[in-house]
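The values are calculated or read from the model by the stated rules, or taken from the named source; none is laboratory data. Please read all numbers here as calculations on a predicted model, not as lab measurements. Positions of Cβ are generated from backbone atoms using ideal geometry, with glycine treated the same way; all protein chains shown enter the neighbour counts. What goes into the accessible areas is simple: the full protein's heavy atoms, side chains included, and nothing from ligands, DNA or RNA. Shrake-Rupley method; radii C 1.70, N 1.55, O 1.52, S 1.80 Å.
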Amino acid sequence: MPLKHILVLLFIMAAHGSAFPVAKLALNNSVPPILMASLRMGLVLIILIPFWRFKLPEKKHITSLIAFSISMGVLVYVFMNLSLYYSTIISPIIVGSQLAIPFGILASALMLGENINSKKWILIFTAFVGIVIIFFDPKLGNNFIGLFFASLMALFFGLAQVYSRQLKNLNTSMLNASVALFGFTILLIISYFIEGNILLNIKSINLESWMLISYQAIIVSLCAHLLMFYLYKFYTVGQIFPFYSLFPIFGIVLTFLVFGEVPTTLFILGGIIVITSVFLLHKIR
């Protein structure tokens, strides 16, 4: 792999890893979690409108596109923000997001009838064992609600990957715009009923928080995804996906630098088991 492609991959993984501590910084500035997810999707939608041009997909894709958009644009982002909102420590949330791969494989077996061989079953089991080890970390304390929401985030990310396989022929702009449209609209409505006056909450968001939300929308949701599609021109999904095991490392390092979180022995052990299992799951066909 050429150096420029390696650098692009590292940027993508660093962007994905940074999404968690960046979101936590905004939440610490009293930005409501559901509204923040909606505004992130709203910014993505505004940027993509000129490329989308309101084109509609063929009827055969509509059901899968709606399911994908709700899973990815609504449920993944809202549970990500809620997991961080209810957690005082971030690193377990980052590692917990890796469960999206085992969940995706299980969903493929249930929904598409795909066969799971014995090696994959072992690795799925060890990935969950790693999470259980992290659960016994005394530092987690009152963070179990956050970890529960992180598990839901991983579950719906895995489901979204199953739906996305039925949308391979759709234009990338249409796909991302649909995710942003459903995410922005549905989350805004939910925020109104749960978090209160939307206009008042938006007015209370300071410039620093707007910059953090913009970073999530532009760098993570747009640039990282578009660069990934650029790499798919040269490499298969199977060649690229194992590198996703790197983004928790970037996220944990950044969490240490920003929040001073020092991983415990149990967390390191569980994290290594989870990340290694997921990496090997990517490699097995």
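Before moving on, here are some points about what is shown:
- Among the numbered conditions (1) open to solvent by 40 Å² or more (accessible area, probe 1.4 Å); (2) in contact with a Phe, Trp or Tyr (Cβ under 8 Å, 6 or more places away or on another chain); (3) closer than 22 Å to A160 by Cβ, the only one that L110 does not meet is (2).
- Test: residue in region 147-165 that is buried (at least 18 other Cβ atoms within 10 Å of the Cβ) and β-branched (V, I, T): yes
- Of the numbered criteria (1) open to solvent by 10 Å² or more (accessible area, probe 1.4 Å); (2) touching a Gly at 6+ places or on another chain (Cβ under 7 Å); (3) of a type in the set (V, I, T), the one I94 fails is (1).
- Residue match in region 71-81 (condition: buried (at least 21 other Cβ atoms within 10 Å of the Cβ), touching a residue at least 60 places away in the same chain (Cβ under 8 Å) and more than 16 Å from the chain's Cα centre (by Cα)): no
- Restricting attention to region 1-31, the residues being outside any helix (DSSP H, G or I), surrounded by fewer than 22 Cβ atoms within 10 Å (Cβ to Cβ) and touching a residue at least 40 places away in the same chain (Cβ under 8 Å) number 3.
- Residue in region 45-65 that is among the hydroxyl-bearing types (S, T, Y), closer than 18 Å to F149 by Cα and in a helix (DSSP H, G or I) present: no
- Check on L188, in contact (Cβ under 8 Å) with a residue 60 or more places away in the chain, open to solvent by less than 10 Å² (accessible area, probe 1.4 Å) and within 19 Å of L27 (Cα to Cα): no
- Going through (1) over 26 Å from I194 (Cβ atoms); (2) open to solvent by less than 30 Å² (accessible area, probe 1.4 Å); (3) part of a helix (DSSP H, G or I) one by one, I116 falls short only on (3).
- Any hit, region 43-58, residues being open to solvent by less than 20 Å² (accessible area, probe 1.4 Å), modelled with pLDDT under 90 and more than 13 Å from the chain's Cα centre (by Cα): yes
- Within region 198-220, the set of residues being open to solvent by less than 60 Å² (accessible area, probe 1.4 Å) and part of a helix (DSSP H, G or I) comprises I198, N201, I202, S209, L212, I213, S214, Q216, A217, I219, V220.
- Candidates L175, L170 - the one that is touching a residue at least 60 places away in the same chain (Cβ under 8 Å), more than 21 Å from L35 (Cβ to Cβ), more than 14 Å from the chain's Cα centre (by Cα) and surrounded by 20 or more Cβ atoms within 10 Å (Cβ to Cβ): L175
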